[in-house]
1. Considering (1) near ligand 2 (Cβ under 8 Å from one of its atoms); (2) crowded, with 21+ Cβ neighbours inside 10 Å; (3) part of a loop (DSSP other than H, G, I, E, B), say which one residue B:434 fails and leave the rest.
2. I'd like the full set of residues that are within 27 Å of residue B:244 (Cβ to Cβ), more than 10 Å from every other protein chain (Cβ to nearest Cβ) and not in a helix (DSSP H, G or I), limited to the range B:154-193.
3. Would the range B:493-502 turn up any residue that is more than 16 Å from ligand 2 (Cβ to nearest atom), surrounded by fewer than 23 Cβ atoms within 10 Å (Cβ to Cβ) and part of a helix (DSSP H, G or I)?
4. If you check every pair at least six apart or on different chains, which have Cβ atoms under 7 Å apart with a residue in the range B:419-436 that is within 14 Å of chain A (Cβ to nearest Cβ) first and a residue that is within 7 Å of ligand 1 (Cβ to nearest atom) second?
5. Return the residues of the range A:70-119 that are part of a loop (DSSP other than H, G, I, E, B) and more than 14 Å from every other protein chain (Cβ to nearest Cβ); say none if nothing qualifies.
6. Can you name the number of the only condition in (1) surrounded by 17 or more Cβ atoms within 10 Å (Cβ to Cβ); (2) out of contact with any helix residue (DSSP H, G or I) (no Cβ under 8 Å at 6 or more places or on another chain); (3) in a helix (DSSP H, G or I) that residue A:52 fails?
7. Condition first: within 16 Å of ligand 1 (Cβ to nearest atom), touching a helix residue (DSSP H, G or I) at 6+ places or on another chain (Cβ under 8 Å) and in a loop (DSSP other than H, G, I, E, B). Now tell me which residues in the range B:406-431 satisfy that.
8. If we scan the range B:196-203, do we find a residue that is crowded, with 18+ Cβ neighbours inside 10 Å, in a strand (DSSP E or B), within 14 Å of chain A (Cβ to nearest Cβ) and modelled with pLDDT of 95 or more?
Ligand code: HEM
Ligand code: SF4
């Protein structure tokens, strides 16, 4: 996992910050959430794991301390579980959406749905096969944090967001430029 | 014609810079080929059999003389002096260098052109009627909507990595010249009884391995809300389109699997949310945006003239023509000159299908420059690219037709074969394309050589012949009255024939007639098919009607009888398709 992530709040600037969240894949779940790498108390658990385990006492305890968020797999149909997500809004400080491979764009729609359908106000973090050439699209659909694939160059990443000063369709972050506003 | 404002210009300029950086990272090794591939594809850059190929967008087929001159310049400076106009209103260069592509894009940006989303799994260049704005049978000029949707789809962040490519076509005329039903989404523009512009949406059409015609999924969508409706549609596709199997990833497979009703219902559900939430929001196209765009599609300064029909025209010019010319010119009037909305004007199709000498759709830089001059001289400095891989001068004074014909003749552009058997649509096939199973261009050439008697071709009337080098169907063989498909059997090139395909309002998918043939058999097979038609037709019955009346059997029998006589030995091996 990455020590740093890119944080790009809707009304802020992209910056590199320390990564506090470990992404857990949900394996080895007999004993619940395993011990995490030293120092990490905060964990993103798979959404499907949350669905089956969120009533367990230790999960409730950890969640109430703000130490649990969930991540959505690319093929999670989040609209099917709207009630759980609605309830989760009060619990999860962060949600993630996963890119199994960079050219699988389903999580772009997941992020868009979280923002426009669920009115999710907290952090939505891109995880998995996240490359610098996806950052711009991710930022526009609703992601405000990015854990890049470890081989990606963190120093050139933030400048990706400045490549375009105009857009021609509305999105979570920006309204399309029209002649009226130009 | 649309003119970029500073927003459009900024966008393409910044896109050039972005791509330049991506190419640099590729060249210095910090971007792996696997990761560069989708990025370059979204900029129309393929890696082909011999070289890189760049596909440049010609949105809804409209070009200015200046743009065409730039295309010629690029052909000369960065390629081998020619370009290939495709069925989807793009131009392809077959021999570009990776290092030079950013410079080519910069040249394009100077004349308001680009290669954005001409390939890749995103919303591709939006195509429309090459006669938009001038066609006699048009009820709505589709170009403002095309342009608004071009902007909306350009670098759309949510739909940059769809399961598969996504193609829109937009029509506003009685006769569909856009192959609407063969597109992922076909938008049929209408006016409702109140005179407001609305759209009927067809989804799930496409060619390829599983050819399917699109289904009507929604009627009467007001033009203003197209962004939210199409967002809903694409979102359903993005989330649920298959990604496990390349061949099942197109929207047509999703629509088929769910059924058009269920697909429509899911889109409706998503749209209800988007549209409710954004009822008062800025998602809808506004009248101000319409006005800004539509003002570029007003009519040029036509003179006020009286209309003349073709016979009168031919008669008027007769004095200036010798006997041979008279026949050629009259044929050209008949086939290559189309009716216009404005009295005294006509639209002229320049044939890029010379018999047997160049690949269908190819134009040399010299031709491009000459055509640019012709458009300045005869057609307000604009031209169009057709689905059939020809070029159109849309606004020619009828009185100038003879002058135009003479000038265009110098460039070998007046072959009167539009809509005839030799007006072949063909993909680049095995000569260029790394996906090909067989060559297409030599087949097109051989057929054109066999059928180069223009009297005979005219007598045959309208017949479409489409050739693809593999099942991807770039040559649209499924919707040709006669289709030829290259297939590979044990490393050898074979050709399968389909009959009964049709584009337009009566679109249909052709049927395979049986085992495939060798390349050298194809001209004979064509002759057999055509002879059968001639024997069986009643009066002026077009080929497709004769085929629909009789079915495949007589054609099939003739094709195999004659081919088998000649090629018994070869057929005894590998005679199944
Ligand atoms: C040499 C470069 C080319 C390559 C590598 C290429 C690649 C492909 C591929 C892979 C498909 C199949 C898509 C699918 O499975 O759904 C396809 C379809 C298609 N291509 Fe090409 N192509 C090339 C050139 C062309 C040209 C020259 C034209 C126009 C003459 C063209 C127009 C089309 C069209 C109209 C389709 C069918 C789309 C549909 O299914 O609706 N392509 N191409
Ligand atoms: S049909 Fe096949 S051979 Fe022809 S261009 Fe398309 S992919 Fe290449």
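1. Answer for residue B:434: the failing condition is (2).
2. If the condition is that a residue be within 27 Å of residue B:244 (Cβ to Cβ), more than 10 Å from every other protein chain (Cβ to nearest Cβ) and not in a helix (DSSP H, G or I), then B:164, B:165, B:166, B:167, B:168, B:183, B:184, B:185, B:186 are the ones that fit.
3. No, the range B:493-502 contains no residue that is more than 16 Å from ligand 2 (Cβ to nearest atom), surrounded by fewer than 23 Cβ atoms within 10 Å (Cβ to Cβ) and part of a helix (DSSP H, G or I).
4. none
5. Filtering the range A:70-119 for residues part of a loop (DSSP other than H, G, I, E, B) gives A:73-77, A:89-93, A:100-105, A:117-119.
Scanning the range A:70-119 gives A:89, A:90, A:91, A:92, A:93.
6. If we test residue A:52 against (1) surrounded by 17 or more Cβ atoms within 10 Å (Cβ to Cβ); (2) out of contact with any helix residue (DSSP H, G or I) (no Cβ under 8 Å at 6 or more places or on another chain); (3) in a helix (DSSP H, G or I), just (1) comes out false.
7. As a first pass, look at the range B:406-431 and keep what is within 16 Å of ligand 1 (Cβ to nearest atom): B:423-431.
Narrowing the set further to residues that are touching a helix residue (DSSP H, G or I) at 6+ places or on another chain (Cβ under 8 Å) leaves B:424, B:426, B:428-429, B:431.
Of everything in the range B:406-431, those that are within 16 Å of ligand 1 (Cβ to nearest atom), touching a helix residue (DSSP H, G or I) at 6+ places or on another chain (Cβ under 8 Å) and in a loop (DSSP other than H, G, I, E, B) turn out to be B:424, B:428.
8. No, there is no match, as no residue in the range B:196-203 is crowded, with 18+ Cβ neighbours inside 10 Å, in a strand (DSSP E or B), within 14 Å of chain A (Cβ to nearest Cβ) and modelled with pLDDT of 95 or more.
The values are calculated or read from the model by the stated rules, or taken from the named source; none is laboratory data. Only a predicted model underlies this, so the values are computations on that prediction, with no experimental measurement involved. Note that each Cβ is placed from the backbone with ideal geometry, even for glycine, and that neighbours are counted across all protein chains shown.
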